[in-house]
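Asks: First, the structure itself, so that you have it in front of you.
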Amino acid sequence: MANTGKHIVEDVVCGFCGLGCDDLKVEVEGREIRPAGSVCPEAAKLLWRMDVADPLFSRLGSPCSAQEAFDEARVILNAARTPLFAGLGTDVAGGQALLDLAGGTGGVFDHAASIGLFRNFTATQRTGWLATTLAEVRNRCDVLLVVGSDPTPNFGRLFERLFPDSPLFAGEQRKVIFLGGTPGARASGQLARAEVSSLPATDLPEALVALTALVGGRTLAGNSFGGVPLADLAAVAAALSAARYAVVTWNGAELGNGDLVAERATALVDTLNITTRAGVFPLGGRDNIIGLNQLMLWRLGYPLRTAIRGGASEHDPALYATAQALKDADVLVWVSAFRPEPPPPFEGKTIVIGHAETVFDKAPDVFIPVGTPGIDHAGTVFRMDSIVSLPLGALRVATLPSVAEAVRRIAGGVA
């Protein structure tokens, strides 16, 4: 029997941002959930639940029964010629059910957060890369180069996770260098034990090319590169070269030239590995995008931004990106179970399988409210480094279906 009295649940796994923090503490009382310990602002906002009535299933903004909503969604999908399954903020089980559904309807698959993922893919497709894991950064990295702005607004506990008080191998003399950004108050607090410096930059790819040349022992003609004085770049190159385990990190989604940053950062790490050990640690992974991408690879052999038609699959990172695919789609199936993110503007039929608190500018043709993985039901998500799958537990008794349950009912597989 579920514990409906006030109690504390410890070691809660968070599936929102991709860091995969697994030490959260929350207070649960009936259907109310409140963070009880130190959590990042993102988790605090998305974990919080009050004991309020669930939203109603709806058709064109008018309340309907759950079965009527599932039936209407099925009718729309059966008539669709080019459906787009987007958002895709769900656990692995939800993704599996959506792929099963698309096996009959066909459709294009893309995630709401895929822009950063594909900027990084551009680098890996050209040259490959030497990537590291969160555990390696945490325990071995002694010099971390952060390219771009402070990542903590999107990954609230990043430096807390990467820089524990007692790393296994890195020692206590750890350096963090911000290139093109400065640490905010949250980051500075988490990096209190590290030696932190920051360098403004106007052209990050150019600065990274210069750093790579300096690490490779070349002499550069000029006084500055990418807006960074040569002397400062030389000091950074010396610190990286002297490191026992250097790591370069960036958030491709936040950088307009993220593909170039990823490529230049990869080249820098390749050069460092001639004389020492180094790796890239690209940031990303919100709303289980890594899990959905892994699932696509297992099931279809292609990543996100892939179309399923006539029993075959076709991948095109430009043509099947959500913004472009919307131009050819006649039905949008928008899935967002982790956060109340509404669908993008679209003139065709829209089915939303979404968070209970989603607010719409325009009522979708069908709204199916669903529970959140890790709050209303158990599930599995992947951490941003792709190597760890995280089990999410249920914190309260579910009154809404999961994405997987909702999709199976649309498909007609569940009475």
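Asks: What are the residues in the range 306-325 that are open to solvent by 30 Å² or more (accessible area, probe 1.4 Å) and part of a loop (DSSP other than H, G, I, E, B), if any? Outline the logic, then answer.
Replies: Step one: list which residues in the range 306-325 are open to solvent by 30 Å² or more (accessible area, probe 1.4 Å), which gives 309-319, 323-324.
Across the range 306-325, the qualifying residues are 310, 311, 316, 317, 318, 319.
Asks: Please list, ordered by first then second residue, the pairs with beta carbon atoms under 6 Å, 6 or more apart or interchain, first in the range 305-327 and in contact (Cβ under 8 Å) with a residue 12 or more places away in the chain, second of a type in the set (Phe, Trp, Tyr) and in a helix (DSSP H, G or I).
Replies: 317/118
Asks: Which condition from (1) touching a residue at least 24 places away in the same chain (Cβ under 8 Å); (2) open to solvent by 50 Å² or more (accessible area, probe 1.4 Å) is the one that residue 401 breaks?
Replies: Only one criterion is unmet by residue 401, namely (2).
Asks: Continuing with the same structure: Counting just the residues of the range 129-170 that are β-branched (Val, Ile, Thr) and touching a Lys or Arg at 6+ places or on another chain (Cβ under 6 Å), which one comes out surrounded by the most Cβ atoms within 10 Å (Cβ to Cβ)? Give the derivation first.
Replies: The initial filter retains those residues of the range 129-170 that are β-branched (Val, Ile, Thr), namely 132-133, 137, 143, 146-147, 152.
Going one step further and asking which of them are touching a Lys or Arg at 6+ places or on another chain (Cβ under 6 Å), we end up with 143, 152.
Working: 143: 26, 152: 22.
Across the range 129-170, the extreme among qualifying residues is 143.
Asks: Starting from the range 201-217, take each residue that is touching a residue at least 12 places away in the same chain (Cβ under 8 Å) and list its partners that are surrounded by fewer than 24 Cβ atoms within 10 Å (Cβ to Cβ) and of a type in the set (D, E, K, R), counting only C-beta distances under 9 angstrom and pairs at least six apart or across chains.
Replies: The qualifying pairs are 205/263; 208/263; 212/218; 212/270.
Asks: Taking strands (runs of 3 or more DSSP E) that fall entirely within the range 1-75, which contain at least 1 residues that are on the phi > 0 side of the Ramachandran plot and within 29 Å of the chain's Cα centre (by Cα)? Don't jump to the end; show me each part of the working.
Replies: Values: elements: 7-12, 24-29, 32-35.
Once the strands (runs of 3 or more DSSP E) in the range 1-75 are filtered for at least 1 residues that are on the phi > 0 side of the Ramachandran plot and within 29 Å of the chain's Cα centre (by Cα), what remains is 7-12.
Asks: Oh, and also: Kindly indicate which of 178, 85, 159 is part of a strand (DSSP E or B), over 30 Å from residue 346 (Cα atoms) and not β-branched (Val, Ile, Thr).
Replies: Working: 85 fails: over 30 Å from residue 346 (Cα atoms); 159 fails: part of a strand (DSSP E or B).
Answer to the selection: 178.
Asks: Which residues, counting only those in the range 236-255, are more than 30 Å from residue 113 (Cα to Cα), touching a Leu at 6+ places or on another chain (Cβ under 9 Å) and surrounded by fewer than 21 Cβ atoms within 10 Å (Cβ to Cβ)?
Replies: So in the range 236-255, the residues more than 30 Å from residue 113 (Cα to Cα) come out as 236-244.
Now drop any that are not touching a Leu at 6+ places or on another chain (Cβ under 9 Å), which leaves 236-241, 243.
Listed by number, the residues that qualify are 238, 239, 241.
The values are calculated or read from the model by the stated rules, or taken from the named source; none is laboratory data. In this text the structure is predicted, and so the values were computed from the model without any measurement. Note that we place each Cβ from the backbone using ideal geometry, even for glycine, and neighbour counts take in every protein chain shown. Accessible surface areas use protein heavy atoms only, side chains included; no ligands, DNA or RNA. Shrake-Rupley method; radii C 1.70, N 1.55, O 1.52, S 1.80 Å.
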